[in-house]
1. Which one is surrounded by the most Cβ atoms within 10 Å (Cβ to Cβ), of the residues in the range 60-93 that are under 17 Å from M1 (Cβ atoms) and not hydrophobic (A, V, I, L, M, F, W, C)?
2. Name the residue that is surrounded by the fewest Cβ atoms within 10 Å (Cβ to Cβ), counting only residues in the range 107-151 that are among the aromatic types (F, W, Y) and part of a helix (DSSP H, G or I).
3. Just checking, which of A31, A43 is at pLDDT 90 or above, buried (at least 17 other Cβ atoms within 10 Å of the Cβ) and of a type in the set (A, V, I, L, M)?
4. Residues that are outside any helix (DSSP H, G or I), within 20 Å of the chain's Cα centre (by Cα) and over 27 Å from G115 (Cβ atoms): does the range 1-24 have at least one?
5. Filter the range 111-151 for residues that are farther than 22 Å from M1 by Cα, in contact with a helix residue (DSSP H, G or I) (Cβ under 6 Å, 6 or more places away or on another chain) and of a type in the set (A, V, I, L, M, F, W, C) and give the result.
6. Could you please find all residues in the range 30-70 being in a loop (DSSP other than H, G, I, E, B) and either acidic (D, E) or within 14 Å of R9 (Cβ to Cβ) (or both)?
7. Which of the residues spanning the range 75-106 are of a type in the set (S, T, Y), free of Cβ contacts under 8 Å to residues at least 24 places away in the same chain and assigned to a helix (DSSP H, G or I)?
Amino acid sequence: MFRQNVLTRFEQAVFEQRRKGRLTSEAVCQAWIEANGRYYGDAVEMREGYRWGWSYIPHFIHTRFYCYSYVFGELLVLCLYRQYKEEGAAFVSRYIGLLEAGGSNSPESLLKPLGVDFHSPTFWQGGFDEIRNLVERAQELALIREKLEPP
């Protein structure tokens, strides 16, 4: 989810720059490096050639903002998982109804029968809380492994 968010932020930056004027390949490369730099921080050394990394991803040209759907979908699933954990079995039939509906309507309309306020920051925070739980659990497991396998 995080990597797909980087790609979406990169696209937003490029489209914003294009609104302001001519867009050069150097400007696209710079937007790529900046978006990835915020993602990786100092954990990864981005070599000079990586500035062209955007050029091998065809949906930047053919299917703009394609990666947004990954971010949206993953966060939505985590939010719904949180709701399931809170509501239990009562949630299941409504969730199955959502799956059966497929793409027959907008996400906002499809989520209403589940009692979801699509515009509520509280709903979306549930997904971020699930991500926090996953990170904390990974950290706990890393500590356990470290204790079992000392250096």
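The values are calculated or read from the model by the stated rules, or taken from the named source; none is laboratory data. None of these values were measured; they are calculated from a predicted model. Cβ atoms come from the backbone with ideal geometry, glycine included; neighbour counts cover every protein chain shown.
1. Of the residues in the range 60-93, the ones under 17 Å from M1 (Cβ atoms) are 65-82.
Those left that are additionally not hydrophobic (A, V, I, L, M, F, W, C): 66, 68-70, 73-74, 81-82.
Details: Y66: 16, Y68: 15, S69: 12, Y70: 15, G73: 13, E74: 16, Y81: 15, R82: 18.
Within the range 60-93, the match that is surrounded by the most Cβ atoms within 10 Å (Cβ to Cβ) is R82.
2. Our first condition is that a residue be among the aromatic types (F, W, Y); within the range 107-151, this holds for 118, 123-124, 128.
Now restrict to residues that are part of a helix (DSSP H, G or I): 123-124, 128.
Working: F123: 19, W124: 17, F128: 14.
The extreme case among them is F128.
3. Numbers: A43 fails: buried (at least 17 other Cβ atoms within 10 Å of the Cβ).
Criteria check complete, one pass: A31.
4. Looking only at the range 1-24, we keep the residues that are outside any helix (DSSP H, G or I), and these are 1, 21-24.
So of that shortlist, the ones also within 20 Å of the chain's Cα centre (by Cα) come out as 1.
Adding the requirement that they be over 27 Å from G115 (Cβ atoms) leaves none.
For the range 1-24, residues outside any helix (DSSP H, G or I), within 20 Å of the chain's Cα centre (by Cα) and over 27 Å from G115 (Cβ atoms): absent.
5. Listed by number, the list holds a single entry, L114.
6. Pass one, the range 30-70, residues in a loop (DSSP other than H, G, I, E, B): 41-47, 57-58, 63-65.
Across the range 30-70, the qualifying residues are D42, E45, I57, R64, F65.
7. Within the range 75-106, Y84, S93, Y95 meet the criteria.
Rundown of residues vs (1) among the basic types (K, R); (2) in contact with a Gly (Cβ under 9 Å, 6 or more places away or on another chain); (3) on the phi > 0 side of the Ramachandran plot, yes/no style:
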position	(1), (2), (3)
W32	no, yes, no
G37	no, no, no
R51	yes, no, no
R64	yes, no, no
G88	no, no, yes
L99	no, no, no
